C-alpha cells in the first residue's frame, strides 16, 4: 500500500459526494490499525468537517467491534448473562466502560447482602431485593414510556432507574446473585418475574411492581388482567439464554414499531447467533 494513500483517503472524507466518502471510509478501514490511528489524529483536526466525519467513522469501527464481540458471546456454549447485557448496552453506547457497570452492580449487591444478613427468614430475604432496589435505590417500572428502547439496555436502566419487567428482573438477578442468592427468571406471558429459591421454599418476585412477592393465584389474576389464560408451566424457571432471547425479541419488536430497520436487523442478527449457540459441554 502506498504511504500516501491514508492522507489522500482522509481528504476524501470531506468530499461532498456520499458515495466517495463511503468508498474512502471502507478503504481506510482496510488499513487496519494504521487507518484507525490516522482517524484518531483526524478526529482532533482543526478542520471541523474532517473532525466530525473521522469521529463518526471511529464510532462505527468501535460499534462494529462490539457487535462482533457480542455475536461471539451469544454463540459460545459458556453464556454469561451479565456480560451479554453489558455488550448489548455497548452496541448502542460503545464508549460505556464495562467496569463501571459491573461496579454499580457490585455496589447494589453489597446493599442487598447487608439486607439479607439482617433478615430472619427466607421470606424476608426474598423481600430484601425489593426493599433495597425499589424502596432505597428507586428502581421502578416505566409505565409512562413502556416501549422506550432505553428500558431494555442495562446501562440506561442503571442510570435512569427505569425499566420494563424483564430488564428490572435482570437487575434483581444480577445484583442478587452477586450477593449469593439463588435467582433465575420466570418467563410468564405478558410479564416477567424473578424466582428465588432457598431450600424447599420458592418465592416469585415482581420486580416491575416494587419487588412484591406473588403467589400462584396472584399470577393467575395478573394474567387475567391481560385476558390471558393461566397455566402452571408459565411459572417454570427459564435459562439465562432464554431470558436474553426474550429481551432481544422485545427490542426487535420495539424497533419494528418505530420503523428503525437498521437497529431491528442488528438485533435479529443477535437472535440468530443465540439460536446457533452450541450446547454446553456435558460433564464427564
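The values are calculated or read from the model by the stated rules, or taken from the named source; none is laboratory data. From a predicted model like this one, the values you see are computed outputs, not experimental measurements. A quick note on method: Cβ atoms are made from the backbone with ideal geometry, for glycine too, and the neighbour counts reach across all protein chains shown.
What the table below lists for this structure:
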item	result
Test: residue in the range 54-64 that is in a helix (DSSP H, G or I) and farther than 30 Å from residue 248 by Cα	yes
Output for the range 93-109, where each listed residue is surrounded by fewer than 18 Cβ atoms within 10 Å (Cβ to Cβ) and either part of a helix (DSSP H, G or I) or not assigned by TED's automatic domain parsing to the domain that holds residue 130 (or both)	98, 99, 100, 102, 103, 104, 106, 107
Number of positions in the range 81-103 that are under 23 Å from residue 246 (Cβ atoms) and in contact with a helix residue (DSSP H, G or I) (Cβ under 7 Å, 6 or more places away or on another chain)	15
Test for residue 129: is it assigned to a helix (DSSP H, G or I), surrounded by 17 or more Cβ atoms within 10 Å (Cβ to Cβ) and not assigned by TED's automatic domain parsing to the domain that holds residue 190	no
Residues located in the range 151-179, provided they are touching a helix residue (DSSP H, G or I) at 6+ places or on another chain (Cβ under 7 Å) and surrounded by fewer than 17 Cβ atoms within 10 Å (Cβ to Cβ)	160
Qualifying residue in the range 11-26 (condition: within 32 Å of the chain's Cα centre (by Cα) and in contact (Cβ under 8 Å) with a residue 12 or more places away in the chain)	yes
Near pairs, Cβ below 7 angstrom, 6+ apart or cross-chain, from the range 93-120 (over 14 Å from residue 136 (Cβ atoms)) to any residue that is surrounded by fewer than 18 Cβ atoms within 10 Å (Cβ to Cβ) and modelled with pLDDT under 95	94/59; 94/62; 94/63
Residue list for the range 110-126, filter: in contact with a helix residue (DSSP H, G or I) (Cβ under 9 Å, 6 or more places away or on another chain) and either more than 21 Å from residue 180 (Cβ to Cβ) or outside any helix (DSSP H, G or I) (or both)	119
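The rows are residues; the columns are (1) assigned by TED's automatic domain parsing to the domain that holds residue 265; (2) modelled with pLDDT of 80 or more; (3) surrounded by fewer than 11 Cβ atoms within 10 Å (Cβ to Cβ).
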position: 14; (1), (2), (3): no, no, no
position: 19; (1), (2), (3): no, yes, yes
position: 25; (1), (2), (3): no, no, no
position: 29; (1), (2), (3): no, no, no
position: 32; (1), (2), (3): no, no, yes
position: 52; (1), (2), (3): no, yes, no
position: 57; (1), (2), (3): no, no, no
position: 63; (1), (2), (3): no, yes, no
position: 66; (1), (2), (3): no, yes, no
